[in-house]
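Step one of this worksheet: look at the structure below.
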Amino acid sequence: MLGLKLPTDPRWADIAEKNIEEILVDHAYCEQKAASTAISLIVSFPEYSDLVNAMTALAREEMGHFKMVHDRLLNMGFKMGWDRKDEYVIQLLKFFPKGGSRSTQLVHRLLIAGLIEARSCERFRLLSEELENKDLAKFYRDLMISEANHYTMFLKFARQYGEDRKVVDQKWEDLLEFEAKIMKDLGTKESIHG
């Protein structure tokens, strides 16, 4: 369903389980960044009313997820900790060239956001299936469903605002291939995408 070209190595779930505090801290920041992305799209493209409405709802939802993860951290006796660079996102952002028309820039941002959501969804599925802590596993199962909805929403908007559906779909396929190459070097760190 997600279209990812390279699945996460299942051993990543074991790394995550052994470093759950680090995973939760990184996850909290991922939710915060997702809300920031939604707000940034509103600021950058205010003329697209349906996008603005969807991103307003998304920003609220992502901050709600942030609070849920933060509360879970505190309830487990952990502290928030500092944000770290997300090497996965840094690499993804290199794929599309800078510049181009506003609609091209929007499509590129939507495709990248969609792919980040798709990979997060896949990672949450792994956590929901592999974590021994059943309460935490259920937590990630519930979040996985939200991430899947976000992924499809971003892809739908990219196709809606792109000037040519075939071009958008080709960019999506090319981005998926690029992401698979990135993922070959990731999956060994205690972070959501790393």
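The values are calculated or read from the model by the stated rules, or taken from the named source; none is laboratory data. In this text the structure is predicted, and so the values were computed from the model without any measurement. Methodologically, a virtual Cβ is constructed for each residue, glycine included, from the backbone with ideal geometry; neighbour enumeration extends over all protein chains shown. What goes into the accessible areas is simple: the full protein's heavy atoms, side chains included, and nothing from ligands, DNA or RNA. Shrake-Rupley method; radii C 1.70, N 1.55, O 1.52, S 1.80 Å.
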Place a point 7 Å from the Cα of LEU4 in the direction of its beta carbon; the residues of the stretch 161-194 whose amide N falls under 19 Å from it are 172-194
Accessible carbon and sulfur surface of the chain relative to its total accessible area, %, 1.4 Å: 55
Through the Karplus equation 6.51 cos²θ - 1.76 cosθ + 1.60, θ set to phi - 60°, convert the phi angles of the stretch 58-68 into ³J(HN,Hα) values in whole Hz; use x for Gly and Pro. 5, 4, 4, 5, 5, 5, x, 5, 4, 4, 4
TRP172 accessible area, 1.4 Å probe, all protein chains in place, Å² to nearest 10: 10
Taking the Cα atoms of the stretch 126-194 alone, what are Rg (to one decimal) and Dmax (as a whole number) in Å? 15.7, 47
Over the chain, with a single point scatterer placed on each C-alpha, what log10 of the ratio I(q)/I(0) does the Debye formula yield at q = 0.12 1/Å? -0.57
Counting heavy atoms of the protein chains only and a 1.4 Å probe, report the per residue accessible area for the stretch 1-112 as a whole number of Å². 54
Please compute the Cα-Cα pair-distance distribution of the stretch 36-89 with 10 Å bins starting at 0, giving whole percents from short to long. 22, 34, 31, 12, 1
